Amino acid sequence: MAALADGRGGGADIAGLSDLSREGRCRLTVAWPNYDVTTREAAVRRMGELVEERVDLIFGRALRVALDDASATIRQLAIAALWEDEGDDLRESLLRLAITDPSVDVRGEAVRALGAFADRAAEVDPTGDDDPGLRDALLALVAEPDTSYVVRRRALEAVGAFGGHPAVQSLIADAYAADDQSMRASALAAMGRSLNARWLPIVVAELETDEAELRFEAVRAAGLLGDDRIAPELAVLARDADAEVRFEAVNALGRIGGRISVRLLRMLAAEASNYEVELIEAALEEAESLEDVLRVGS
């Protein structure tokens with residue numbers, strides 16, 4: 001904290017904010033507003049980098065202090081850096097930010113982060129009935145006329161995790177029927193997140209659309225839905241003119257796994273350029289591990 005007060009705060013200094021005690025969090029809460037905004041922003045950015053680089057560092061308490069920063073940029077960065085945190089108190093803070101924060105960017109980031117909580121809740125109950133507060137809050141954000149466009153899209157994508165619930169299914173269908181292309185893209189994202197095979201025909205059809213944004217979301221949804229019958233179509237899209245579509249198609253094949261995906265990824269690896277080989281090899285490793293699991297379970 002002394003280094004931050006002096007306007008310093010390199011990697012070693014920021015690492016000292018890991019695993020703060022409750023007393024340490026209280027001290028940081030008092031001191032934090034006194035640091036200049038450049039120092040605060042640099043500190044949160046560095047915490048975000050370090051949690052990606054080192055599994056031994058835990059900045060949950062320090063980043064919770066930054067969630068109440070006066071700077072919208074810092075609040076947004078703090079939310080993003082808390083991507084591994086599963087605390088119930090964080091969920092409540094994210095809900096508060098998603099609904100009341102004055103910054104659209106912060107609200108959108110909060111809703112995006114709530115998607116991870118929705119995914120975990122849906123593992124217990126895909127309808128969301130076991131955790132209706134989160135589901136209903138996300139539904140309300142989509143339905144509220146005053147909700148900004150970006151937040152509405154993020155909320156639609158997040159609530160897709162509860163795709164077993166009729167209200168969510170209806171919401172996804174309505175969004176997909178909209179004239180707005182990006183809203184339709186979010187509907188496709190929600191379809192994939194639902195893990196519900198009812199959406200498979202739509203997802204497969206959108207794999208052939210001329211719009212790269214929709215192809216990308218359809219490819220990602222296909223990987224999440226995990227039906228290996230789609231693998232040949234994904235292998236074709238792994239050669240798509242759009243780089244993001246290509247890379248996501250490779251990732252989807254790895255996510256689906258199984259014998260067909262392994263064979264197709266090996267074919268793609270044989271013809272890949274140097275900068276794509278690493279991506280394909282990572283997907284191949286994932287697909288092979290899933291094939292081994294399927295073999296053991298059969």
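The values are calculated or read from the model by the stated rules, or taken from the named source; none is laboratory data. In this text, all values refer to a predicted model and were calculated from it rather than measured experimentally. Every residue, glycine as well, gets a Cβ built from its backbone with ideal geometry; the counts of neighbours run over all protein chains shown.
Among the candidates Asp146, Asp136, Asp88, which residue alone is without any contact (Cβ under 8 Å) to a residue 12 or more places away in the chain, over 25 Å from Ala175 (Cβ atoms) and surrounded by fewer than 21 Cβ atoms within 10 Å (Cβ to Cβ)?
Numbers: Asp146 fails: over 25 Å from Ala175 (Cβ atoms); Asp136 fails: over 25 Å from Ala175 (Cβ atoms).
So the residue among Asp146, Asp136, Asp88 that is without any contact (Cβ under 8 Å) to a residue 12 or more places away in the chain, over 25 Å from Ala175 (Cβ atoms) and surrounded by fewer than 21 Cβ atoms within 10 Å (Cβ to Cβ) is Asp88.
For Glu123, the conditions (1) assigned by TED's automatic domain parsing to the domain that holds Ala178; (2) touching a Phe, Trp or Tyr at 6+ places or on another chain (Cβ under 9 Å) are fulfilled apart from (2). Against the conditions (1) outside any helix (DSSP H, G or I); (2) exposed (fewer than 13 other Cβ atoms within 10 Å of the Cβ), Glu278 satisfies every one except (1).
Which of the following residues is within 30 Å of Val106 (Cβ to Cβ) and either modelled with pLDDT of 95 or more or surrounded by fewer than 23 Cβ atoms within 10 Å (Cβ to Cβ) (or both): Val203, Val219, Val236? Break it down stepwise before answering.
On the way: Val203 fails: within 30 Å of Val106 (Cβ to Cβ); Val236 fails: within 30 Å of Val106 (Cβ to Cβ).
Exactly one of Val203, Val219, Val236 is within 30 Å of Val106 (Cβ to Cβ) and either modelled with pLDDT of 95 or more or surrounded by fewer than 23 Cβ atoms within 10 Å (Cβ to Cβ) (or both), namely Val219.
Among the conditions (1) surrounded by fewer than 21 Cβ atoms within 10 Å (Cβ to Cβ); (2) over 20 Å from Val30 (Cα atoms), the only one that Arg107 does not satisfy is (1).
Among the candidates Val262, Val296, the residue that is in a helix (DSSP H, G or I), among the β-branched types (Val, Ile, Thr) and either modelled with pLDDT under 90 or closer than 16 Å to Gly192 by Cβ (or both) is uniquely Val296. The residues in the stretch 176-198 that are farther than 17 Å from Asp210 by Cα and of a type in the set (Lys, Arg) can be counted, and the count is 2. Taken together, the residues in the stretch 67-124 that are within 19 Å of Leu156 (Cβ to Cβ) and outside any helix (DSSP H, G or I) amount to 1.
Okay, residues lined up against (1) out of contact with any His (no Cβ under 6 Å at 6 or more places or on another chain); (2) among the small types (Gly, Ala, Ser); (3) under 30 Å from Ser273 (Cβ atoms):
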{"site": "Leu141", "(1), (2), (3)": "yes, no, no"}
{"site": "Arg154", "(1), (2), (3)": "yes, no, no"}
{"site": "His165", "(1), (2), (3)": "yes, no, no"}
{"site": "Val168", "(1), (2), (3)": "yes, no, no"}
{"site": "Asp174", "(1), (2), (3)": "yes, no, no"}
{"site": "Thr209", "(1), (2), (3)": "yes, no, yes"}
{"site": "Gly226", "(1), (2), (3)": "yes, yes, yes"}
{"site": "Pro232", "(1), (2), (3)": "yes, no, yes"}
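Scanning the stretch 204-213 for residues that are in a helix (DSSP H, G or I) and farther than 12 Å from Leu237 by Cβ yields a count of 2.
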